[in-house]
Each structure stands twice: as structure tokens, then as C-alpha cells.
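K.L.:
Got a structure for you, written out below as C-alpha cells; questions coming shortly.
The values are calculated or read from the model by the stated rules, or taken from the named source; none is laboratory data. Note that this is a predicted model, so its numbers are computed, not measured. Cβ sites come from the backbone with ideal geometry, for glycine too, and all protein chains shown count toward neighbours. The area values use the complete protein model at the heavy-atom level, side chains included, leaving out ligands, DNA and RNA. Shrake-Rupley method; radii C 1.70, N 1.55, O 1.52, S 1.80 Å.
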Amino acid sequence: MGRLVRTEGLTDEQEEILKLVRQFVEKEILPVATDLEHKDEYPTDIVEGLKELGIFGLMIPEEYGGLGESLLTYALVVEEIARGWMSVSGVINTHFIVAYMLMQHGTEEQKQKYLPKMATGEVRGAFSMSEPSLGSDVSAVSTKATKVDDGYEITGQKMWLTNGGSSTLVAVLCKTDEGADSVYRNMTTFLIEKEPGFGETAQGITIPGKIDKMGYKGIDTTEMILEKHRISADQVLGGEPGKGFYQMMDGVEVGRVNVGARAVGIANRAFELGVAYAQQRETFGKPIAQHQAVLFRIAEMATKVETAHSMVVRAARLKDAGERMDVEAGMAKMVASEYCNEVVEASFRIHGGYGYSKEYEIERLYREAAFMLIGEGTSDIQKMIIGRSLLKDYKL
């Protein structure tokens, strides 16, 4: 392990978890990641290995069968996994957001029903806010849940579900229009059960197939079409309608820490590849690492990796301490994603023409880094969140 992305103040247990994950990444992920990514093949064996390590239950409390670890531990594990292959960290992230929402907002019956099976990976989670015509404006959600008898009937179309095919439990944000004076209080999160796979996976639910993407391959990103899907009222997250927007935003906030951690993992790997190649490739009779332009680039890359890592760690520690961290999460996500793209591009430039070849790992990272700019909110959205919050704090 190099001197970058080290974290002070970790417990022996945290260090041991990270050591096991790092070994798993080196042995089970890095050797196969690029091949699986080029084939757009789901990493079944890798996912099964993560189940055995207990990663699916990393933050789920011990009383529900999980490891009961902190958000900081989780973020550091994600950094390690994303360093190996970012898509694999996506499998974990979406599952975790659903588990987190259940832990924070679910009824005790919902926790008992789902969390033990989520901890083992038997139940796999996905969450869904986006729709084909819905971008950053969550208030424009159009998927409608209408009250019928003792439950609801849901109709609409959802977009960009990570784990859309492999999941068996989806947290879905719907418009319920139950009379609140605010659009944000007329949204409800439903816990929808379905079978894994594609096609009709439950009554009134169709998962059409994988969306073909530039990067973030291997993982199943899908649409979800709901046509008069019947669901009982006890599948409302928390048992009370009208709280869905706030539940989702809470989940997305910790998701931003996750995306920041993913970006750090990609950037760290890009730095490793760039600094190694710069010492092997020679021009004008010496390794290119000895040319000032390349040396400066290496220094800038390392500094950006360290800065992003530090900001992700701070945001995670604030959340673990029970403190407000909307600004810190937004800053961490924005800086980590922007720096990730800059570090990957710098490594790509160091590789020269070879970086454009699919034979070299940096080509995959170049495509993966772009997703960090838009996942869990674009940089522009983060700036709005940060700016509005700071204006409240520094109001004259």
C-alpha cells in the first residue's frame, strides 16, 4: 500500500476489514475487471465473494445480522472496491441506500422482515427516484400511487435503476397527492418486492432489460415500468405516507459520500497506473517520470487524490457523529468527482497513445470517471445545495 488515502484514527477492527477487502480486490477483482467490463458481464463470482465477506451487511446493525460498522468504514471499503472496479461498488451502494433508509425510517416490522436477509445478500436492494423526463427536479415525479381498498395502485415509468434486474426489493418514490399543501409532502416511498431478472418480475412490474451505457458496465442499470401494480399499505416505508421525499433525500445524502468514495477509488487507481507507466516508459534516453512536465502532473494527481479522500472522510465522520453534513457531503461529492476526472485524464495523458487502447486499464477508468460527475446529483446541483445552506449559516 502506498502513502496515499491513509486514514488516521481507525480501530483494529476497521483496519482488519480494510485489509481483507484490499486483498479481495487484488486477488478477485483487478485480474478480471477489465475483461468483464469489456464484455459487459455481471460479476457474479465477485458479488458472491462480497457476500461471504459480509459486505452486504456492513452497516446493518448486529441485532439484524449485520456487522454494525460506521459510514466511515463503509466509505473506505467503497474506495478499495472502486479502485478495483467501480461497477462492483455500485452493486453495494444501491443496496446499502435501501438498507440505510430502512434503518432510519422503517417500521420495526419492516426492519425485522428485510434487514437480516439484506445483511446476507439474500435480499438485494435498489432504489428509484428518476424518471425519463425527471432530472434534478424531484418535485416533478409523475409515477402515481392511487389509494385503493387497503392499499395502493401504482402506475408510471422509472429510469436508471442500478441493480434493476438483480434486485428483489426496490424503494420507489411515487406521487400520492393525499392533500398536503406542499408537493414535497405528497410523495411516498414504497417498498416493492419483485423477482430478479428481466421481463415481468411481479404483478404489474416490467424490467425491460439493461440500458447500454458508455461505462459503468457489468452492473444491470434498467428502467422499471409499473402498470397498476397493487401494493398493500404496510409496504409504505415507515408506515406513513407523505414522507417519501425526505426519506429519499436522507438516503441520497449518504449516497453522495459513497459516490465521493468511488471517485477517490478510481482516482487512486489512475494515479497508480500513471506513476507506474511514467517510470517504465522512456523518451529521450530517460524515463518520462524524470521529465519536469510529467513530474508536475504526478504531484498534482497525488494532491487531488489526497484532498478528495480527506473530504470524504470528514463527511462520513460527521454523519457518524450524528451531525448535519449536507454541505460536507455535497463538497466531498463535488470535489471528488471533479478531481477524479482530472486525475484520470492526467494519467491518460501520461499513457499517451496507449491510453486509447482497450489493452490498457486506463481506458476503462476514463469511461468510468465520467459517471462520477452525474451520479447522486451533478456538480451544479451540489453547488446549489452548498450555496443555499451557506447563505442560511452566514445570513446577515
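K.L.:
Please state which one of Gly90, Gly49 is part of a helix (DSSP H, G or I), of a type outside the set (Val, Ile, Thr), touching a Phe, Trp or Tyr at 6+ places or on another chain (Cβ under 8 Å) and modelled with pLDDT under 95.
P.N.:
Gly90
K.L.:
Okay, next question. Are there any pairs with C-beta distances below 8 angstrom linking a residue in segment 232-253 that is under 22 Å from Asp150 (Cβ atoms) and among the polar types (S, T, N, Q) to a residue that is at pLDDT below 95 and surrounded by fewer than 23 Cβ atoms within 10 Å (Cβ to Cβ), with the two at least 6 apart or on different chains, and if so which?
P.N.:
Short answer, once both residue conditions are applied: Ser232/Asp150; Ser232/Gly151; Gln235/Gly151.
K.L.:
To continue, here is another question. State which residue pairs qualify: first residue closer than 18 Å to Glu323 by Cα and in contact (Cβ under 8 Å) with a residue 60 or more places away in the chain and inside segment 69-91, second residue assigned to a helix (DSSP H, G or I) and among the aromatic types (Phe, Trp, Tyr) in any location, beta carbons under 8 Å apart, and separation of 6 or more residues or different chains.
P.N.:
Final answer for the pair search is Tyr74/Phe96.
K.L.:
Out of all the residues in segment 192-212, which are touching a residue at least 60 places away in the same chain (Cβ under 8 Å) and either crowded, with 18+ Cβ neighbours inside 10 Å or touching a strand residue (DSSP E or B) at 6+ places or on another chain (Cβ under 8 Å) (or both)?
P.N.:
Lys210, the sole residue that qualifies.
K.L.:
Turning to a different aspect of this structure: Return the residues of segment 33-64 that are hydroxyl-bearing (Ser, Thr, Tyr) and over 26 Å from Arg364 (Cβ atoms); say none if nothing qualifies.
P.N.:
Within segment 33-64, Tyr64 is the sole residue that qualifies.
K.L.:
Give me a count of the residues in segment 4-46 that are of a type outside the set (A, V, I, L, M), touching a residue at least 24 places away in the same chain (Cβ under 8 Å) and part of a loop (DSSP other than H, G, I, E, B).
P.N.:
Residues flagged as of a type outside the set (A, V, I, L, M), touching a residue at least 24 places away in the same chain (Cβ under 8 Å) and part of a loop (DSSP other than H, G, I, E, B) within segment 4-46 amount to 5.
K.L.:
If a residue must be over 28 Å from Val77 (Cα atoms), free of Cβ contacts under 8 Å to residues at least 12 places away in the same chain and among the β-branched types (Val, Ile, Thr), how many such residues does segment 268-306 contain?
P.N.:
Adding up the residues that qualify gives 1.
K.L.:
Next question, about the same structure. Please go through segment 133-156 and pick out each residue that is among the polar types (S, T, N, Q), touching a residue at least 40 places away in the same chain (Cβ under 8 Å) and either farther than 19 Å from His229 by Cα or surrounded by fewer than 17 Cβ atoms within 10 Å (Cβ to Cβ) (or both).
P.N.:
Selection gives Ser136, Ser139, Thr155.
K.L.:
Name every residue in segment 135-161 that is of a type in the set (Ser, Thr, Tyr) and either within 18 Å of the chain's Cα centre (by Cα) or under 26 Å from Asp220 (Cβ atoms) (or both), in order of residue number.
P.N.:
Ser136, Ser142, Thr143, Thr155
K.L.:
Counting only residues that are among the hydroxyl-bearing types (Ser, Thr, Tyr) and open to solvent by less than 30 Å² (accessible area, probe 1.4 Å), how many does segment 346-384 have?
P.N.:
2
K.L.:
Continuing with this model, one more query. Please enumerate the residues belonging to segment 4-55 that are charged (D, E, K, R), closer than 16 Å to Ala75 by Cβ and under 20 Å from the mean Cα position of the chain (by Cα).
P.N.:
Listed by number, the list holds a single entry, Arg22.
K.L.:
Working only within segment 116-150, note down all residues that are assigned to a helix (DSSP H, G or I) and farther than 16 Å from Gln247 by Cβ.
P.N.:
Let us first name the residues in segment 116-150 that are assigned to a helix (DSSP H, G or I), namely 116-120, 138-140.
If the condition is that a residue be assigned to a helix (DSSP H, G or I) and farther than 16 Å from Gln247 by Cβ, then Pro116, Lys117, Met118, Ala119, Thr120, Ala140 are the ones that fit.
K.L.:
Another question, if that's okay. Could you list, in sequence order, the residues of segment 307-338 that are over 17 Å from the mean Cα position of the chain (by Cα), in contact (Cβ under 8 Å) with a residue 24 or more places away in the chain and open to solvent by 60 Å² or more (accessible area, probe 1.4 Å)?
P.N.:
Those that are over 17 Å from the mean Cα position of the chain (by Cα), in contact (Cβ under 8 Å) with a residue 24 or more places away in the chain and open to solvent by 60 Å² or more (accessible area, probe 1.4 Å): Arg317, Asp320.
K.L.:
Restricting to segment 126-137, what's the tally of residues that are modelled with pLDDT of 85 or more and closer than 26 Å to Ala99 by Cβ?
P.N.:
Result for segment 126-137: 6.
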